Amino acid sequence: MTEQQLPSWADPSVSPADLDPQGLSRRGLLRSAGLFGAAFALGGAALPAAAAGQRLGGDDPRLAYLVGDHHVHSVYSHDAKYTFSQLARAAAKYGLDWMVFNEHSNFGHANYGAKLEHAEIVKARAANPRQLIFQGLEWYIPAAEHCTVFAAPGAHETDLLTRFELAYDGKLLGYTEGAAGATDTARNEAHAVKAIKWLAEQRRSGYVDDVLVIANHPLRLGIDSPHEMRNWRDAAPEIMIGMEGAPGAQGAALPGWRGANSIRGEYENKPSAQSWAGYPAEAYVTYGGFDWATATVGGLWDALLAEGRLFTITTNSDNHRTVFDTWKNGDWPTGQNFDNTGKLPDPVNTDTPQPGSDFWPGEFSRTHVGVTRYGYRAVMAGLRAGRVWLDHGHLLDGLDVRLKRDCDAGRGVTLGGRLRVRKGEKISLYVTVTTASRPNPQGILPELAHVDVIRGAVRGPVADRDSWRAPDTKVVQTKDVSGRKGTYTLRIPLTAGDESFYVRLRGSDGNRHGAGYLGASIDPNGPVPHAPGDGDPWADTWFYANPIFVDVAGA
């Protein structure tokens, strides 16, 4: 594979005069992490476990954050529209460092499209070595929804995907909602677990260097039950690392665009025969653009974290058709279709806006992954380690989070990490915010209004694997940061009690708040659903960060 080159903002040979405000801001963050130039090209310190063995404390390396999107569709998906090159150019325009083309499974894709797309990806990697482009698959999970599956570049990256697709894809096997075999729930759920274990074996055997799985839009249809998500995670936690905290299709409810009933994320469904009966009706919409499983403090995401195990969240574009775009699908030549080509005809430009719900990759939704060097495997390692935060609307330029024992002088641990402390010990959470330095693609200069600290007890594995509640998780502090500019650090004192716990962060522009789904005593000012058809995403933006775990010695 062609050797990677540093992105312009990380390359000392590129003059600051040649960078836009976003690039300048990112270069400043990279310098502050001590990773500028050769240190970033060659790799800094490794990414160790934060609290190895029984030692107290923890000391994670300084990180640079690479911005990406793991859920992008091109003409190699049967229901999308854009060419590979159109999407790559858009990603570069909006500042993405990495992206995953995760095309929908189909026999046409498995037999033809995957190989054709791989040839394009190989050419693009050679032509633009500053951009990290992964090939992936959107897996139709037997008995459930979808997942992004992607591997590190290598000799078998495409073969892995097509072998997996043909052997384990629920749509191709008839094991998904609406298919003839959908009612054999036990068989289908077991096949999903078998699929994840198969991917783990390909990594262990060295057939591929790395492979990851992330659940997509988990509550859109209500068919990803809590026990299924736990089963996937437990099958291979190093492979099945998490879920979308916020879905794509964030432009779906722009006022006057798609219709009176449209909801951000296209979360416009009702329970079906395959939906898990334990989800309330309120679970089928988004809250501040985020999935109910993530947005509900004390809800499903927290229930997973309260077991003491990491489950990463992400966000992405899920780009199929961009809002207000004037391109339409091209016409099929006689005798051709997706099944016998694996690729849609290239789109044709018109003078009329076409239907769509999505933003370009990086235009609105961004996943930030902490790394010590620039490269494919570094991105995958950062995702697996949970060194991840996400924002909408380019709300922040940067976020660095550290949790330290007050008696330690080290760097402490960061997102996804574990800090080991004594009972009753004083600890501090340091949150360094870099505010937006430029207007976002909508022409708005975002302003962060508040930072919320959420804390939950860690109680270990649950007896009821369909439990979606974490009753001991709540918002414990809210910091008003309205009007603050530039880079600043919040110090938030905490105390370790008698049991282990985790802390996580979120924040917003302050435009829309209300009591959380489980009540104001748990979440007094959380994200709320918008009125159908009136969900301007640019007017309601949030950031979320992965948790840090605190292991209390003797707990």
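The values are calculated or read from the model by the stated rules, or taken from the named source; none is laboratory data. This structure is a prediction, so every number in the text was calculated from the model and none was measured. Neighbour counts are summed over all protein chains in view; Cβ atoms, including those assigned to glycine, are modelled from backbone coordinates with ideal geometry. To get the accessible areas, we keep the full protein, side chains included, count just its heavy atoms, and leave off ligands, DNA and RNA. Shrake-Rupley method; radii C 1.70, N 1.55, O 1.52, S 1.80 Å.
Taking only protein heavy atoms into account and a 1.4 Å probe, give the accessible area per residue of the chain in Å². Let's see the in-between values first.
Working: 19420 Å² over 555 residues.
On a per-residue basis, the chain sits at 35 Å².
Taking the convex hull of the alpha carbon atoms in the stretch 243-328, what volume per residue do you get, in Å³? Don't skip to the answer; put the middle values down first.
Working: hull volume 10.4 nm³, N = 86.
Given the Cα convex hull of the stretch 243-328, per-residue volume reads 121 Å³.
Do you know the relative contact order of the chain, to the nearest whole percent, from alpha carbon pairs under 8 angstrom that are 6+ apart?
That works out to 18 percent.
What FRET efficiency would be calculated for the residue pair N337, S13, taking the C-beta separation as r and a Förster radius of 45 Å, to the nearest 0.05? Numbers along the way, then the final one.
Values: r = 48 Å, r/R0 = 1.07.
According to the calculation, E is roughly 0.40.
In nm, to one decimal, how far is the A186 label point from the R31 one, both placed 7 Å along Cα→Cβ?
About 6.4 nm, to one decimal.
What length, rounded to one decimal in nm, is gained on full extension from A277 through to R465, with 0.36 nm per residue of separation minus their alpha-carbon distance? Walk me through the numbers before you get to the answer.
Numbers: separation 188, 0.36 × 188 = 67.68 nm, distance 1.42 nm.
Using 0.36 nm per residue and subtracting the Cα-Cα distance, I get 66.3 nm.
In whole percent, how big is the carbon plus sulfur part of the accessible area of the chain, probe 1.4 Å, protein atoms only?
Details: 9910 of 19420 Å².
Solvent-exposed carbon and sulfur of the chain make up 51 percent of the total.
How would C407, C147 rank on accessible area, largest to smallest, probe 1.4 Å?
Ranked list, largest accessible area first: C407, C147.
Sort the stretch 226-374 into rounded, prolate or oblate with this rule: let a ≥ b ≥ c be the square roots of the eigenvalues of the Cα gyration tensor; rounded if a/c is under 1.5, and if a/c is not under 1.5, prolate when a/b is larger than b/c, oblate otherwise.
Since a/c reaches 1.5 and a/b is larger than b/c, the shape of the stretch 226-374 is classed as prolate.
Can you tell me the FRET efficiency between K485 and K115 if r is taken as the Cβ-Cβ distance and R0 is 45 Å, rounded to the nearest 0.05? Could the numbers behind the result be given before it?
Values: r = 50 Å, r/R0 = 1.11.
The calculated FRET efficiency here is 0.35.
So what's the back-of-envelope 222 nm ellipticity for the chain, counting only DSSP H runs of four-plus at -39500 (n - 2.57) apiece and dividing by all residues, rounded to 500? Provide the component values of the computation, followed by the final result.
Values: 12 runs with 112 residues, N = 555.
Result for the chain, helices only: -6000 deg cm²/dmol.
Mind sorting out which of (i) 31; (ii) 18; (iii) 40 is the real percent of Cα pairs over 40 Å apart computed from the coordinates?
Calculated percent of Cα pairs over 40 Å apart: the matching label is (ii).
Could you let me know the centre-to-centre spacing of the stretch 238-291 and the stretch 323-394, using Cα atoms, in angstrom?
Distance between centres, Cα-based: 19 Å.
Please report Rg over Rh for the stretch 357-464, where both radii come from the alpha carbon positions and Rh follows the Kirkwood definition. Don't skip to the end; give the middle numbers.
Details: Rg = 17.1 Å, Rh = 16.6 Å.
Radius of gyration over Kirkwood radius for the stretch 357-464 works out to 1.03.
Out of all DSSP beta bridges with both ends in the chain, state the antiparallel percent to the nearest 5. Intermediate results must be reported in sequence, preceding the final value.
Working: 69 of 92 bridges.
Once the DSSP bridges in the chain are tallied, antiparallel ones form about 75 percent.
Once ligands and nucleic acids are excluded and a 1.4 Å probe is used, how much of R163 is accessible, expressed in Å² to the nearest 10?
100
Computed on alpha carbon atoms, what radius of gyration and Dmax characterise the stretch 69-193, expressed in Å?
15.2, 48
What does the convex hull of the Cα atoms of the stretch 434-485 come to per residue, in Å³, rounded to a whole number?
Convex hull of Cα atoms, per residue: 136 Å³.
N349 to I444: FRET efficiency via 1/(1 + (r/R0)^6), r the Cβ-Cβ distance, R0 25 Å, to the nearest 0.05?
Working: r = 27 Å, r/R0 = 1.10.
E(calc), rounded to 0.05, equals 0.35.
So for F338, F134, what's the accessible-area order with a 1.4 Å probe, most first?
Working: F338 20, F134 0 Å².
Heavy-atom accessible area, descending, gives F338, F134.
Given bins 5 angstrom wide, list per bin the percent of all Cα-Cα distances in the stretch 1-157, short to long.
2, 8, 15, 17, 16, 14, 12, 10, 6, 2, 0
Answer rounded, prolate or oblate for the stretch 453-518, using the Cα gyration tensor with square roots of eigenvalues a ≥ b ≥ c: rounded when a/c is under 1.5, else prolate when a/b is larger than b/c, else oblate.
On the way: a/c = 3.21, a/b = 1.62, b/c = 1.98.
Oblate, since a/c reaches 1.5 and b/c is not below a/b.
Setting aside same-chain residues fewer than 8 positions from K343, which lysines have a Cα under 20 Å from its Cα?
Qualifying lysines at Cα under 20 Å: K81, K115, K123, K171, K328.
Can you sort H109, H78 by solvent-accessible area, 1.4 Å probe, largest first? If you can, show how the numbers build up before the last one.
On the way: H109 0, H78 75 Å².
Heavy-atom accessible area, descending, gives H78, H109.
I'd like the distance between the alpha-carbon centres of the stretch 502-527 and the stretch 107-124, rounded to an integer number of Å.
First find each Cα centre; the distance between them is then 43 Å.
Using θ = phi - 60° and the Karplus curve 6.51 cos²θ - 1.76 cosθ + 1.60, what whole-Hz ³J(HN,Hα) does each residue of the stretch 530-539 get, with Gly and Pro shown as x?
Going residue by residue, I get 9, 5, x, x, 9, x, 5, x, 5, 9 Hz, with x marking Gly and Pro.
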